[in-house]
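Written out below as structure tokens is the structure these notes cover.
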Amino acid sequence: MAISRSENMRRIRGKDTKPEIIVRNILRSLGYPGYRLHRRDLPGTPDIAYIGRHKAIIINGCFWHGHDCKKGARKPKSNQDYWLSKISRNKERDGTNQTALSNLGWKTLVVWECELKEQEQLSTRLREFLA
């Protein structure tokens, strides 16, 4: 039996996603515990925040946030007007939130879903960002 579009969308979580958990595991293995999750008092509710360092890590799905990789450049097959508009709004909101964080003195790092395939490179990026 095929899953309806609305049922599929209901299954997509916003917190504790697989990419988020992978990044958190890498951070702990690098010796950077002590982060806070989904701080609602910060613009855009960053996925991971190091309060004392004023550094935030945002983990984005390539398709949902319009990344320029193969998965992000894929066009939706149905209801294109709606989805392309939604992705465009997501990108605009992401930029606004990162600017707001910067204005508050925060540095941000965006981790894309496609980067999880190369965990050594991602580990290096995370280490350099937090150093």
* At 222 nm, what helix-only mean residue ellipticity would the chain give, in deg cm²/dmol to the nearest 500, using -39500 (n - 2.57) for each DSSP H run of four or more? -> -13500 deg cm²/dmol
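What's the extension gain from Arg28 to Thr124 if we count 0.36 nm per residue and subtract their Cα-Cα distance? Could the numbers behind the result be given before it?
Numbers: separation 96, 0.36 × 96 = 34.56 nm, distance 1.35 nm.
Result for the pair: 33.2 nm of gain on full extension.
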* Starting from the eigenvalues of the Cα gyration tensor, five times each then square-rooted, give me the equivalent ellipsoid semi-axes of the stretch 14-130, largest first, whole Å. => 25, 18, 11
* Asked: What is the dipole size for the stretch 14-130, taken about its Cα centre, with +1 at each Lys and Arg Cβ and -1 at each Asp and Glu Cβ, in debye to the nearest 20?
  -> 160 debye
* Structure fact -> Ranking Cys62, Thr99, Leu84 by how far each Cα lies towards the positive end of the charge dipole of the chain (+1 on Lys and Arg Cβ, -1 on Asp and Glu Cβ), the top one is Leu84
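Expressed as a rounded percentage, what relative contact order does the chain have, with Cα pairs under 8 Å and six or more residues apart?
Relative CO of the chain lands at 24 percent.
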* Share, in percent, of DSSP beta bridges within the stretch 4-131 that are antiparallel, nearest 5 -> 45 percent
* Cα-based helix-to-principal-axis angle, 80-103 vs the chain, degrees rounded to 10 -> 10 degrees
* Go ahead and collect, in residue order, the members of the stretch 86-104 whose backbone nitrogen is under 19 Å from a label point 7 Å along the Cα-Cβ direction of Ala73. => 87-88, 91
* Asked: Which angle from 0 to 90°, rounded to the nearest 10, does the C-alpha axis of helix 119-130 make with the longest principal axis of the chain?
  -> 50 degrees
* To do: Please find, in a Gaussian network model of the chain (springs between Cα atoms separated by less than 10 Å), the residue of Pro19, Pro76, Pro46 whose mean-square fluctuation is greatest.
  => Pro76
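Values quoted throughout were computed directly from the atomic coordinates according to the rules given, and no laboratory measurement underlies them. Just so you know, these numbers come straight off a predicted model, no measurement behind them. Please note: Cβ atoms are built from the backbone with ideal geometry, for glycine as well, and neighbour counts cover all protein chains shown.
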